[in-house]
Every structure is written in C-alpha cells, then in structure tokens.
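To keep things clear, I will list the structure first and then write my remarks on it.
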Amino acid sequence: MSPAPKRRQCGTQQAHERLCEMYPAFRARQNGIEQGIRRSIQSGQAQRVTRQLITIPVVVHVVYKRDPENISDAQVKSQIDALNRDYRANNSDTSTVPDVWKGFVTDPNIQFALATKDPKGKATTGITRTKTTRDSFGTGDSVKRATTGGSAAWPRDRYLNLWVCNLGDGLLGYAQFPGGPAATDGVVILYTAFGTMGAVQSPFDLGRTATHEVGHWLNLIHIWGDRNDCGGTDYVTDTPNAQLPNYGKPKFPHISCNNGPNGDMFMDYMDYVDDAAMVMFTAGQVARMNATLAGPRKKVGR
Amino acid sequence: MTVDRAALQRHWVHSHEEDAEGEMVFRPASYGFPPSRGRAALDLRADGSYTESAPGPTDRPESAEGTWKLDGDELELNAADGSRRVLEIAAAEGDRLVVRR
C-alpha cells in the first residue's frame with residue numbers, strides 16, 4: 001500500500017489536499033522517521049529495546065489560574081499510575097477486548113516516573129506549578145512558554161514534558177510527534193481529563209487521554225489513518241484498515257472499509273473512543289514505539 | 001429537496017453523538033456540546049466563504065478555507081487549494097444540519 005499523505009478531513013467524502021500541504025515540513029520529517037523505523041524494525045534494533053524496561057522521567061507542568069485547575073499531587077500521581085498500567089498492558093479492562101483480538105494485546109514495556117532531579121541536577125518532585133493570568137490555552141503552544149503565561153519545557157532528551165492546564169475550545173489534549181522543536185516537545189492535557197481522581201470528569205476520567213497523547217509522542221498514528229476514507233494508514237499492519245474515528249462506547253463489531261467480520265479495532269488507544277472503551281496497544285504499535293525509543297528518542301530514560 | 005441558503009449560513013460543529021448510519025449531524029457552535037475528543041466543524045459564511053476544521057494527526061485542529069455554493073440540496077465546497085467536493089444535505093432546519101456520508 002503506498003503511503004498516503006496524512007491529513008484529516010471534515011468528515012466528508014473526498015480528499016482535501018490543502019490540509020496535507022499545510023504540513024510539508026511535518027511530512028518530510030515523517031518520511032525520514034518512517035525510513036528509520038523500517039530499518040530499526042528490520043534490523044532487530046527495535047526488538048532489542050523491548051527486552052529492557054525503559055522508565056521515562058516525567059515533569060508535569062501544572063499551569064493554573066483558578067484553584068480547581070491547580071490539581072493536587074494525588075491527581076498527578078494518579079495519571080502516572082494510569083500510564084504505568086496502560087504501558088505494561090496491566091490495565092484490568094483488557095478483559096473487554098473481543099476474543100478475536102485478545103492475542104493482539106501487547107505489553108509496550110515502558111514505565112514513567114516523576115523526575116527526581118531537575119535539569120540543573122537539583123532535587124525536584126517532578127511537578128512544577130505556575131500561576132497564570134490566562135483564562136485558557138489554545139493549541140498554539142502558549143502553555144509551553146513563560147512569556148505567554150505558561151511554563152518552559154525541560155530538555156526532551158531527558159524528560160517527557162506533560163503540561164496540564166485549562167485547554168480551551170472543548171479540547172482534551174494534543175501532542176507533538178518526534179522530530180519537532182525541542183521547546184514545544186511533549187503533551188498538553190486538559191486538567192479535567194488528567195488522572196483518575198480529583199477534578200476529572202467522566203467519560204475522560206481513566207487517564208486515557210494521556211495514554212493516547214503519549215502514544216503520539218512515541219510516534220503512533222491514529223488508527224483510522226487520519227483520512228475519512230479507506231486510503232489512510234497508521235503504518236502498522238496488525239490494526240484493521242478503518243474509515244473514520246470511533247467515538248463514545250461503540251458496539252462490536254463496527255464495520256468499515258470492508259474490514260468485516262471483526263471491523264474497526266476501536267478499543268485501541270489510538271482511536272477516539274471514551275476512556276473506558278480504549279484498552280490496548282498492538283504488537284505493531286509497540287514495534288513503532290520501540291523504534292522511536294531506539295531512534296529519535298534514544299536518550300530519554302537511558 | 002430545496003435547501004434554504006440562509007438556513008445553512010452558520011458555524012456548524014459535528015454532533016457525532018447524534019449520527020445515524022450514513023448520516024452526520026451538525027449543530028451550531030453555540031450548542032451545549034458535551035466534552036469530546038476532537039470534533040469536525042464547518043463555518044459557512046454569508047459572503048460565500050467557508051472555513052472547515054477537523055482534528056489533525058496530533059489532535060490539534062487543522063483548518064482550511066474556500067468558497068461554497070448551494071445547488072438544490074447539494075453543497076459544493078471549493079477549497080483554496082483547488083480541490084472540490086459536494087455534500088448532500090439531508091436536512092437543514094434551525095439548529096440542525098444533516099449531511100449524508
């Protein structure tokens with residue numbers, strides 16, 4: 001299958017080329033990274049990475065205006081715990097995976113821990129708290145700069161940056177793929193969709209928004225391939241071809257793109273379903289993550 | 001079916017919770033949407049221009065611009081990059097727009 005350019009449609013029938021054109025630099029970086037991933041998987045380098053557990057130091061930047069946005073240490077820790085379950089396939093809700101796909105559930109062998117040393121080597125809790133005058137933040141990365149009311153990133157070769165704030169426009173979170181600028185590297189999550197207690201609100205109260213966004217940070221693509229037709233790809237062969245994102249709590253099977261009888265793998269973390277409905281990564285996705293940790297993110301946690 | 005052009009001229013956001021098989025439902029941007037992973041949107045303006053947006057590969061919304069026109073129940077979108085597509089309108093009344101996939 002030829003690698004189709006990745007872009008997202010407005011839920012309509014035909015390709016929208018201009019969206020692809022908006023991301024030429026991204027596409028060029030992705031082409032380089034995709035070639036690296038193929039070499040890494042073929043040479044076995046990606047598999048060698050899986051044999052050792054990798055623990056990624058995390059800095060959580062809490063950026064708040066009002067008190068509820070200043071989430072507690074306990075809520076922060078609940079998110080780290082949720083990531084640690086999901087990234088060892090230790091989440092109990094893998095029991096909800098349809099029988100036909102139970103064997104596809106794969107342990108990424110990745111863990112996360114709040115940083116204990118800051119970039120200057122001083123002791124830290126791994127949580128920074130920044131008071132801001134901004135009512136909310138957008139996707140222009142204003143939360144990642146002190147000059148725009150946010151908090152600056154720590155070096156991405158040593159830390160995963162997680163920003164938690166009042167993200168606006170109804171968004172739950174967004175990420176940056178590997179290969180982007182260092183100053184904005186990491187993941188941003190809405191404070192009511194972060195962790196499993198405190199300010200969280202159903203149905204985004206199991207910490208899965210971070211699981212999904214960190215998946216992008218490790219170079220995973222949306223499972224429907226970012227197009228609203230059957231021509232998109234997530235560059236992973238063990239996920240079914242699917243037309244559109246699935247939302248909410250779909251009923252199995254949901255068929256699209258002639259992928260019957262089992263249909264879309266909507267219970268995968270890289271679809272758009274509610275937290276309780278996304279429960280797994282596949283072996284192909286784990287191989288991509290390993291290639292990222294052997295390639296563009298080879299220093300973090302090592 | 002003839003669609004009223006004035007009824008189409010709004011900032012519509014995908015209310016995916018209401019979709020039926022083969023149809024997409026849109027509500028005005030001011031509608032009380034529950035929280036959701038990214039929603040597509042289509043802003044059809046009176047001057048014949050439009051902006052559409054949808055979640056991108058890293059969940060940031062991406063948008064594109066163009067011009068639109070209505071022919072019977074067909075909404076034609078001509079994007080600034082030269083691409084063109086046609087949406088079949090099933091219903092456009094007040095605060096509800098239904099488009100056939």
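Evaluation of A:Lys144 against the conditions (1) more than 25 Å from B:Pro55 (Cβ to Cβ); (2) within 14 Å of chain B (Cβ to nearest Cβ) shows that the sole unmet condition is (1). Across the range A:102-127, which residue is most open to solvent (accessible area, probe 1.4 Å) among those that are assigned to a strand (DSSP E or B) and not polar (S, T, N, Q)? Per the stated criteria, the residue is A:Lys117.
Considering B:Tyr31, B:Tyr50, the condition of being surrounded by fewer than 15 Cβ atoms within 10 Å (Cβ to Cβ) and within 26 Å of A:Tyr247 (Cβ to Cβ) is satisfied by B:Tyr31 alone. Of the residues examined, A:Thr233 is not one that is touching a strand residue (DSSP E or B) at 6+ places or on another chain (Cβ under 7 Å), modelled with pLDDT of 95 or more and more than 10 Å from chain B (Cβ to nearest Cβ). Inside the range B:47-96, residues that are outside any strand (DSSP E or B), at the interface with chain A (Cβ under 9 Å from one of its Cβ atoms) and of a type in the set (D, E, K, R) make up a count of 3. For the structure I just gave you, tell me whether A:Val76 is buried (at least 20 other Cβ atoms within 10 Å of the Cβ) and either at pLDDT 75 or above or of a type in the set (S, T, N, Q) (or both). Taking the combined requirement at face value, the residue satisfies it. If you check A:Gly301, A:Gly295, A:Gly263 for being surrounded by fewer than 23 Cβ atoms within 10 Å (Cβ to Cβ) and in contact with a strand residue (DSSP E or B) (Cβ under 6 Å, 6 or more places away or on another chain), only one passes: A:Gly301. With respect to A:Asp274, is the statement that it is under 14 Å from the mean Cα position of the chain (by Cα), within 19 Å of A:Ala175 (Cα to Cα) and either surrounded by fewer than 22 Cβ atoms within 10 Å (Cβ to Cβ) or more than 12 Å from chain B (Cβ to nearest Cβ) (or both) true? No, not satisfied. Scan the range A:212-258 for residues that are touching a residue at least 60 places away in the same chain (Cβ under 8 Å) and surrounded by fewer than 23 Cβ atoms within 10 Å (Cβ to Cβ) and the total you get is 8.
For the range A:31-59, the candidate set comprises residues that are of a type in the set (A, V, I, L, M) and either open to solvent by 40 Å² or more (accessible area, probe 1.4 Å) or at pLDDT 75 or above (or both); within that set, the residue that is farthest from the chain's Cα centre (by Cα) is A:Ile41. Of the residues that make up the range A:176-197, is at least one modelled with pLDDT under 95, part of a loop (DSSP other than H, G, I, E, B) and either within 13 Å of chain B (Cβ to nearest Cβ) or touching a strand residue (DSSP E or B) at 6+ places or on another chain (Cβ under 9 Å) (or both)? For the range A:176-197, residues modelled with pLDDT under 95, part of a loop (DSSP other than H, G, I, E, B) and either within 13 Å of chain B (Cβ to nearest Cβ) or touching a strand residue (DSSP E or B) at 6+ places or on another chain (Cβ under 9 Å) (or both): absent.
Residues that are among the polar types (S, T, N, Q) and modelled with pLDDT of 95 or more were ranked within the range B:53-77; the one that is surrounded by the fewest Cβ atoms within 10 Å (Cβ to Cβ) is B:Thr67. Exactly one residue among A:Thr130, A:Thr196, A:Thr139, A:Thr147 is under 16 Å from A:Asp67 (Cα atoms) and either open to solvent by 30 Å² or more (accessible area, probe 1.4 Å) or in contact with a Phe, Trp or Tyr (Cβ under 6 Å, 6 or more places away or on another chain) (or both), and that residue is A:Thr130. Among the residues here, A:Arg156 qualifies as surrounded by 14 or more Cβ atoms within 10 Å (Cβ to Cβ), among the basic types (Lys, Arg), away from chain B (no Cβ under 14 Å) and in a loop (DSSP other than H, G, I, E, B).
Taken as a whole, the condition of being away from chain A (no Cβ under 11 Å), closer than 25 Å to A:Phe137 by Cβ and open to solvent by 20 Å² or more (accessible area, probe 1.4 Å) applies to B:His11.
The values are calculated or read from the model by the stated rules, or taken from the named source; none is laboratory data. The structure displayed is predicted, hence computed values, not measured ones. Neighbour counts are summed over all protein chains in view; Cβ atoms, including those assigned to glycine, are modelled from backbone coordinates with ideal geometry. We work out accessible area using only protein heavy atoms, side chains counted, and drop any ligands, DNA or RNA first. Shrake-Rupley method; radii C 1.70, N 1.55, O 1.52, S 1.80 Å.
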